[in-house]
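Structure, as structure tokens:
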Amino acid sequence: KAASHAASGVMLDPAAVETRTTLAHVKAVQDWDWPGAEREYRAALDISTEYATTHHWYAMSCLMPMGRLDEAMREILLAQSLDPVSAIIARDIAVLHLYRRNLDAALEQCDHTIELNPHFAPAYLTLGLVQEQRGDLDESLAAVHRAIDLLPHGPRMQAALARALALSGKKDQAQQI
């Protein structure tokens, strides 16, 4: 339905950046058609370069999965310049730093994201993943527990907790999750 509605929206108003961006996102995350998604993202950017969501989703759902991390970082930083108080954009900058193996920058960005919104569970989840990669399993567990406090039934949160417990040698607890 998402693909059909997005395509209909583009047909009704081909100059609407929001519908073009949505169509691109659907092509990326639903169809894994990254070349098709990239064409749509570029079409959306031709309409307007001022819509932060286009830059954000282009970075995270298209460029990052294609391994074009430098381009993804440029796009998401453009998104942040357009929407500097967005917690999801700030968190995704941390994710990109994590993928680029720049753990210090990822950690700093997680802290910034939590300052923006201390109740944003995905920021703590990402912090837990960063701390895990840094080898600080106690801090990783603490961050993941905080994410679960904020979003108790999130499957990603539960999976991250199981992984952190397993890495910490608490395999029985991990297997229960």
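The values are calculated or read from the model by the stated rules, or taken from the named source; none is laboratory data. Predicted model, so just to flag it, every value in this text is computed and none were measured. Every residue, glycine as well, gets a Cβ built from its backbone with ideal geometry; the counts of neighbours run over all protein chains shown. What goes into the accessible areas is simple: the full protein's heavy atoms, side chains included, and nothing from ligands, DNA or RNA. Shrake-Rupley method; radii C 1.70, N 1.55, O 1.52, S 1.80 Å.
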query = Among Tyr99, Pro84, Asn117, whose Cα lies farthest out toward the positive end of the dipole of region 64-147, if unit charges sit on the beta carbon of Lys, Arg (+1) and Asp, Glu (-1)?
reply = Tyr99
remark   = Longest principal axis of the chain (C-alpha) makes with the long axis of helix 155-167 (C-alpha) an angle, in degrees to the nearest 10, of 40 degrees
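In debye to the nearest 20, how big a dipole does region 19-79 give about its Cα centre with +1 on each Lys and Arg Cβ and -1 on each Asp and Glu Cβ?
40 debye
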ask   = How far is helix 17-29 tilted, in degrees, relative to the longest principal axis of the Cα atoms in the chain, given as a value from 0 to 90 rounded to the nearest 10?
value = 50 degrees
query = Roughly how many debye, to the nearest 20, is the charge dipole of region 29-121 about its Cα centre, given +1 on each Lys and Arg Cβ, -1 on each Asp and Glu Cβ, and no other charges?
reply = 160 debye
inquiry  = How large is the Kirkwood hydrodynamic radius of region 122-177, counting all unique pairs of alpha carbons, in Å?
reply    = 10.6 Å
message = Quick check: net charge around Phe120, other residues with Cβ under 13 Å of its Cβ, Lys/Arg +1 and Asp/Glu -1?
response = -2
task = Report, ordered by chain and residue number, the lysines lying within cross-link reach of Lys27, taken as a straight Cα distance under 20 Å and ignoring same-chain residues fewer than 8 apart.
result = Lys1
inquiry  = Compute the helix-to-body angle for 103-116: its Cα long axis versus the longest principal axis of the chain, expressed 0 to 90° and rounded to tens.
reply    = 80 degrees
ask   = With all protein chains present, how much of the accessible area of the chain (probe radius 1.4 Å) comes from carbon and sulfur, to the nearest whole percent?
value = 53 percent
request  = At q = 0.15, 0.20, 0.27 Å⁻¹, what is the base-10 log of I(q)/I(0) for region 7-84 according to the Debye formula with one equal point scatterer per Cα and no solvent? Please give it to two decimals.
outcome  = -0.43, -0.76, -1.25
message = In the chain, if the dipole is taken from +1 on Lys/Arg beta carbons and -1 on Asp/Glu beta carbons about the Cα centre, which of Gly154, Leu63, Gln176 is farthest to the positive end?
response = Gln176
inquiry  = Compute and list, largest first, the equivalent-ellipsoid semi-axes of region 1-149 from the alpha carbon gyration tensor, each √(5λ) rounded to a whole angstrom.
reply    = 31, 14, 14
query = If you place +1 on the Cβ of every Lys and Arg, -1 on the Cβ of every Asp and Glu, and leave all else neutral, what size is the dipole of the chain about its Cα centre, to the nearest 20 Debye?
reply = 500 debye
query = Do the sum for the chain: with -39,500 (n - 2.57) for every DSSP H run of n ≥ 4, divided by all residues, what is the mean residue ellipticity at 222 nm, to the nearest 500 deg cm²/dmol?
reply = -23000 deg cm²/dmol
task = Please give the contour-minus-distance gain from Val29 to Arg101: 0.36 nm per residue of separation, less the Cα-Cα distance, rounded to one decimal in nm.
result = 23.6 nm
Potential extension, Ala142-Lys170 segment - 0.36 nm per residue separation minus Cα distance = 8.6 nm
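What full-extension length gain, to one decimal in nm, is calculated for Glu108 and Ile177 as 0.36 nm per residue of separation minus the Cα-Cα distance?
On the way: separation 69, 0.36 × 69 = 24.84 nm, distance 2.96 nm.
Residue separation times 0.36 nm, minus the Cα-Cα distance, leaves 21.9 nm.
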